[in-house]
Structures are given as structure tokens and as C-alpha cells.
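Structure, as C-alpha cells:
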Amino acid sequence: MQRLIFSVFLLLLPTLAAAAGWEPYVNDRFGYAVDIPPGFALSSEADNGDGRTYSKGGAALAVWGHYLAAGPFELDVADRRATYKQEGWDLSYDRQKAGWASLSGTRGDRILYHRTIRLCDDAVASFVLEYPESMKAEISPFVGKLVKSLHPAEGCTTAQGAAPAAQ
């Protein structure tokens, strides 16, 4: 029995180690939370409480919230998509569902992943992870957990217009 328990522990060890080092960030102004990957250090915090930026080597992670002042969520995502294309990003992944959107692409030797979700009260939360191709093996495993961890704060339900469960 002890061998079985030890074997299960050894199987779970990589999963536990991967979860270690992630730091939660909660934004009270917009009511969202996200887990920051290990090794990312706080670079700056917005004076107005919108969000933060983090860095790790040549990688940058920005997390922020904002209100939908220019129109519905879909228009906000379309505007972001157009901006990336104007900036020269080649978007190879573009998926949008009710309450969330993800965009990913490359520009030169840089990789970009942008996730945005609807929150309550006509607000959205986003993260953008940008990093050099040379860090792809190190950074890309973080994307899935970042996507799953970006969520509305407690009390903001889908009936109030928040994003559904992460996909």
C-alpha cells in the first residue's frame, strides 16, 4: 500500500511542481483575478488601479481591466484585432465566443497571446503575454494556466454579463 501511495505521489509531483510558484493577482477596481507564472517579476502598476505589468527575461506580461466605452464586447475585440494587424502582427489564432476572446500571432521573432473576458458592469479584463521565439519552450506552457486563471471576481455571474467558464 505504501508503494502505491508513493507511486501516485511521484506521478503527481510534476503537476504539483508546475503549480508551485504561481502568484495570484486580484484587481479590486475591475473585479478580476489571474495567476502570475513563476519567475515573472512585477515591473509596474498602473496609478489608476487598472492592472500591472510583469517581466521575465525578454518576456512581458500585462494584465489590466477597462470599461467598454466604445461599444459592445465584440467591437472591443474587433478593435484590438485591427490594432494588432496595423502593428504588423500575423494573427494565426483568433477565437471568440460569448464572453471571451483569444488572439495569438507573431511579428518577426516575437510571439503574442492575448486573452480577454467580459466582466460585470460593462467591463473587461485582459492579459497579453509577449515573448521572443527563443523563449517559446519556456513560456508557452504557461498560456493554458493563464487562460484558465483569468476570471471574474466572486459575485460576478454570467447572468450579470460576466464571462463563462474558461475554455
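Throughout, read-outs are computed from the coordinates displayed, never taken from laboratory work. Model, not experiment: these values are computed from the prediction. Cβ sites come from the backbone with ideal geometry, for glycine too, and all protein chains shown count toward neighbours.
Given 0.36 nm per residue, what is the gain on full extension from Asp79 to Arg107 after removing their alpha carbon distance, in nm? Present the calculation step by step, with values, prior to reporting the outcome.
Numbers: separation 28, 0.36 × 28 = 10.08 nm, distance 1.83 nm.
That works out to 8.2 nm of additional length.
Using 1/(1 + (r/R0)^6) with R0 = 30 angstrom and r between the beta carbons of Ala98 and Ala137, what's the FRET efficiency to the nearest 0.05?
Details: r = 33 Å, r/R0 = 1.11.
Efficiency, rounded to the nearest 0.05: 0.35.
3J(HN,Hα) along the stretch 78-86, derived from phi through the Karplus expression 6.51 cos²θ - 1.76 cosθ + 1.60 where θ = phi - 60°, amounts to 4, 5, 5, 4, 4, 4, 4, 5, 5 Hz, with x in place of Gly and Pro. Couplings for the stretch 20-37, taken from phi via the Karplus curve 6.51 cos²θ - 1.76 cosθ + 1.60 with θ = phi - 60°, read 5, x, 6, 10, x, 10, 10, 9, 6, 4, 9, x, 9, 9, 7, 9, 8, x Hz in order; Gly and Pro are left as x. Spacing of the modelled spin labels on Arg29 and Gln86, each 7 Å from Cα toward Cβ, amounts to 2.4 nm. Taking a ≥ b ≥ c as the square roots of the eigenvalues of the alpha carbon gyration tensor, the stretch 26-113 is oblate, as a/c is not under 1.5 and a/b does not beat b/c. For Gly39, the amide hydrogen comes within under 5 Å of no other amide hydrogen, counting only partners 5 or more places away or on other chains and with H modelled in the peptide plane. Residues Val77, Val124, arranged from fewest to most other Cβ atoms within 10 angstrom of their Cβ, appear as Val77, Val124.
Neighbour counts of C-beta atoms inside 10 Å place Tyr84, Tyr67 in the sequence Tyr67, Tyr84, starting with the fewest.
Mind sorting His114, His151, His66 by how few other Cβ atoms lie within 10 Å of their own Cβ, fewest first?
Going from least to most buried by this count: His66, His151, His114.
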